[in-house]
1. Pick from ALA147, ALA142, ALA178: which is of a type in the set (A, V, I, L, M) and at pLDDT 95 or above?
2. What are the residue pairs meeting all of these: first residue in the range 209-221, first residue at pLDDT 90 or above, second residue not in a loop (DSSP other than H, G, I, E, B) and not charged (D, E, K, R), Cβ atoms under 7 Å, and 6 or more apart or on different chains?
3. Out of the range 343-364, which residues are assigned to a helix (DSSP H, G or I) and within 17 Å of ASP323 (Cα to Cα)?
4. Please list, ordered by first then second residue, the pairs with beta carbon atoms under 6 Å, 6 or more apart or interchain, first in the range 318-334 and surrounded by fewer than 14 Cβ atoms within 10 Å (Cβ to Cβ), second at pLDDT 95 or above.
5. Do you know which residues across the range 90-133 are free of Cβ contacts under 8 Å to residues at least 40 places away in the same chain and assigned to a helix (DSSP H, G or I)?
6. Quick check on LYS143: is it surrounded by fewer than 19 Cβ atoms within 10 Å (Cβ to Cβ), closer than 16 Å to ILE188 by Cα and either in contact with a strand residue (DSSP E or B) (Cβ under 9 Å, 6 or more places away or on another chain) or not hydrophobic (A, V, I, L, M, F, W, C) (or both)?
7. Could you tell me whether ARG136 is touching a residue at least 12 places away in the same chain (Cβ under 8 Å), closer than 18 Å to ALA268 by Cα and more than 20 Å from the chain's Cα centre (by Cα)?
8. Would a scan of the range 195-217 turn up a residue that is closer than 15 Å to LEU161 by Cα and either in contact with a helix residue (DSSP H, G or I) (Cβ under 9 Å, 6 or more places away or on another chain) or surrounded by fewer than 17 Cβ atoms within 10 Å (Cβ to Cβ) (or both)?
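The values are calculated or read from the model by the stated rules, or taken from the named source; none is laboratory data. Worth saying up front: this structure is predicted, and the values here are computed from it rather than measured. Glycine also receives a Cβ, built like all others from the backbone with ideal geometry; neighbour counts cover every protein chain displayed.
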Amino acid sequence: MAGLYIHIPLCTQRCSYCDFFSTTLLNKHVELIDALCKEMKMRVDYLPVDGNVLETIYIGGGTPSLLTSSEINVLINCALETFPHVDINSMEITMEANPNDLSDSYLKELSGTAINRLSIGCQSFNGTTLKIINRRHNAEEAKNAIANARKYGFNNISIDLIYGLPSQTIDSWKDDVATAIALKPNHISAYCLELHEGSLLTKKISKGELTEMDEADCLTCFKHLREATSASGYEHYEISNFAQKGFRSRHNSSYWHDIPYIGIGPAAHSYDGVSRQWNVSHLPKYLKAISENRLDTEIENLSVEEKYNDYILTALRTSDGIDFQYISNKFGTEFSDFAKEVADKQQKEDNVEIIGEKCRLTEKGIFISDSIFTEFIVVDEE
């Protein structure tokens, strides 16, 4: 099985924390749709033959909810016509959406597409925080978006939250978590703020105009998130992801379990099991290349050490953990022996637990996960 990611880089304004490739060139959206479909045809043979059947489609951004339902249909239909896929009724087809795009009329149109999962970028339910991070929706719009989506038949809803934001306190974060849980989304993705060079938020913090939350408070926020979601029946199945039973993100899970995927659109990344490649992060350059029947991409061929490290850094983030037998079969016994040796040491520190051929982080280990990942990493000496 495989996943298809389609990147829609269009935004009406840039959120102050964002490091994803986006552009405000909204007049290019028609040309973009044509180019995305053309790129799919150009890359029909990208995925390995023994793993080229699509099980998931994820339309991300940017702001995909700026597209019309007709344009979304064009993209999905093109994907289904181009790539082998499982029965459409068993596929997970996700679209990211901004809360204030999800009007009654738009949701009604969207319900007529094949989209069966919405990922709504709430980020916070606090009005002050939303203004600081330059979101274009307010708290009420975020709350209403979830209720309205259910009204129009969307029964698989994920929301995004961020903690560690300037102006955010432990108490305001607890309010955000309580509001989120009360709205009963099927899935919650919650990320600690990462400051990226060049972002508006980073510039304001460096100038002293805003103050970031300290590390200890961020950890307290994360601990509360775990406790509150667990008490409400959510499974903490990946460090930043929480799901009601049966509602794990199937698409994102492919990233964490070494499953090939293809990314379409400017800045989109792909992985075929042998190499990584990514498209140019520039909309006009991307459109020009596709119009000339060529791909403007960079390709990185992966050594066995890099493949092993990628597997560790993704799979160990999940509650499923790493599989020693899989490591042995895929990368060689020297890697599985090394991983077992590290796991034995970490288990004595109560950082991981070993169950048969699998190893996963303990609750203690989750809070110091970065340092544990480092222990499992191997260095390519060539």
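1. Of the residues listed, the single one that is of a type in the set (A, V, I, L, M) and at pLDDT 95 or above is ALA178.
2. Qualifying pairs under 7 Å: ASP217/ILE170; CYS218/TYR163; CYS218/CYS192; LEU219/PHE367; THR220/ILE170; CYS221/TYR163; CYS221/ILE170; CYS221/TRP173.
3. ALA343, ASP344, LYS345, GLN346, GLN347
4. Between residues of the range 318-334 that are surrounded by fewer than 14 Cβ atoms within 10 Å (Cβ to Cβ) and residues that are at pLDDT 95 or above, the close pairs are GLN325/GLU357.
5. SER90, ASP101, SER105, GLY127, THR128, LEU130, LYS131
6. On the way: surrounded by fewer than 19 Cβ atoms within 10 Å (Cβ to Cβ): yes; closer than 16 Å to ILE188 by Cα: yes; either in contact with a strand residue (DSSP E or B) (Cβ under 9 Å, 6 or more places away or on another chain) or not hydrophobic (A, V, I, L, M, F, W, C) (or both): yes.
Taking the combined requirement at face value, the residue satisfies it.
7. Working: touching a residue at least 12 places away in the same chain (Cβ under 8 Å): yes; closer than 18 Å to ALA268 by Cα: no; more than 20 Å from the chain's Cα centre (by Cα): yes.
When the stated conditions are applied, ARG136 does not pass them.
8. At the first step, the residues of the range 195-217 found to be closer than 15 Å to LEU161 by Cα are none.
No, there is no match, as no residue in the range 195-217 is closer than 15 Å to LEU161 by Cα and either in contact with a helix residue (DSSP H, G or I) (Cβ under 9 Å, 6 or more places away or on another chain) or surrounded by fewer than 17 Cβ atoms within 10 Å (Cβ to Cβ) (or both).
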